[in-house]
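This report refers to the structure that appears directly beneath it.
Any read-out appearing in this document is the output of simple, stated calculations on the displayed coordinates, not a laboratory observation. Predicted model, so just to flag it, every value in this text is computed and none were measured. Here the Cβ positions follow ideal geometry from the backbone for every residue, glycine too, while neighbour counts run over all protein chains shown.
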């Protein structure tokens, strides 16, 4: 960061009074430029024994598979964001959403909030603007070597393991 978002003045890295870490502070108006983690929210859409996956049409990891997920927007809850991302990326509606896990990814400043949800129907999906392809897959057909992100890979492995027992548990974890 080079310039203040408040007045346009130059910023410098310093520890503001009463703080404990370096922040970008405007040398002109004194505004502290806080940079906080981004929240990603998404959903594992389920129909019977199949999961809905999307092939990414955008970077990063264009051409790789993921579940519908993206950055939370201002003014929406994490549940609303997960449902919106599912509509945008997979033209799908999910019902009966349950918060499934939170993953902290400190090295890239992101927090993932991921839900489980039921598709309204087996034909209730399509290709959204950020997807090249969308499909319902059985466990044996998951393209493990083409999963876009480690957090999604971990999520799917855990989900499939817990589905076998029918015992889904909320979890908070970190990926380093």
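Against the 2.2 N^0.38 Å scaling, with N counting residues, where does segment 48-107 land? I'd like the Cα-based Rg ratio to two decimal places.
1.20
Of the residues 79, 49, 31, which exhibits the maximal mean-square fluctuation in a Gaussian network model of the chain defined by a 10 Å Cα contact cut-off?
Looking only at 79, 49, 31, the biggest GNM fluctuation is shown by 31.
Between 50, 91, 164, where does the largest GNM mean-square fluctuation fall for the chain, given springs only between Cα atoms within less than 10 Å?
Maximum fluctuation in the GNM of the chain, among the listed residues, is at 164.
If you bin the C-alpha pair distances of the chain every 5 Å from 0, what whole percents do you get?
P(r) over the chain, rounded to whole percents: 2, 8, 15, 18, 17, 12, 8, 7, 6, 5, 3, 1.
Please identify which residues in segment 70-88 have an amide N closer than 14 Å to a label point set 7 Å out from the Cα of residue 102, following the Cα→Cβ vector.
Taking a point 7 Å out along Cα→Cβ of residue 102, the residues of segment 70-88 whose backbone N falls under 14 Å are 78-79.
For a Förster distance of 30 Å, can you work out the FRET efficiency between the beta-carbons of residue 80 and residue 144, rounded to the nearest 0.05?
For residue 80 and residue 144, the calculated efficiency is 0.50.
Based on alpha-carbon centroids, what's the gap between segment 20-74 and segment 119-176 in Å, whole number please?
Spelled out, the Cα-based centre of one part sits 17 Å from the other.
Treat the count of other C-beta atoms within 10 Å as a stand-in for reagent exposure and order 41, 66 from fewest to most.
Neighbour counts put them in this order, fewest first: 66, 41.
Most exposed first by the Cβ proxy, i.e. fewest other Cβ within 10 Å, how do 65, 144, 47 rank?
So the ranking, lowest neighbour count to highest, is 144, 47, 65.
Among 4, 29, 154, 54, rank each residue by its count of other Cβ atoms within 10 Å, from fewest to most, as a rough exposure measure.
Lowest to highest Cβ neighbour count: 29, 154, 4, 54.
Given contacts defined as C-alpha pairs under 8 Å and at least six residues apart, what's the relative contact order of the chain, whole-number percent?
22
Compute the length gained on full extension between residue 48 and residue 5: take 0.36 nm times their separation in residues and subtract their Cα-Cα distance, giving the result in nm to one decimal.
Result: 10.6 nm gained on full extension.
Given a 10 angstrom Cα cut-off, can you work out which residue in 69, 90, 57 is the most mobile in a GNM of the chain?
57
Kindly give Rg over Rh for segment 94-176, based on alpha-carbon atoms, with the Kirkwood expression for the hydrodynamic radius.
So for segment 94-176, dividing Rg by the Kirkwood Rh gives 0.96.
Testing the spin-label approximation: label points 7 Å from Cα along Cα→Cβ at residue 71 and residue 175. State their distance in nm.
Going by the 7 Å Cα→Cβ label model, 1.8 nm.
So how far apart, in nm, are the two label points at residue 135 and residue 118 if each is 7 Å from Cα heading toward Cβ?
About 2.6 nm, to one decimal.
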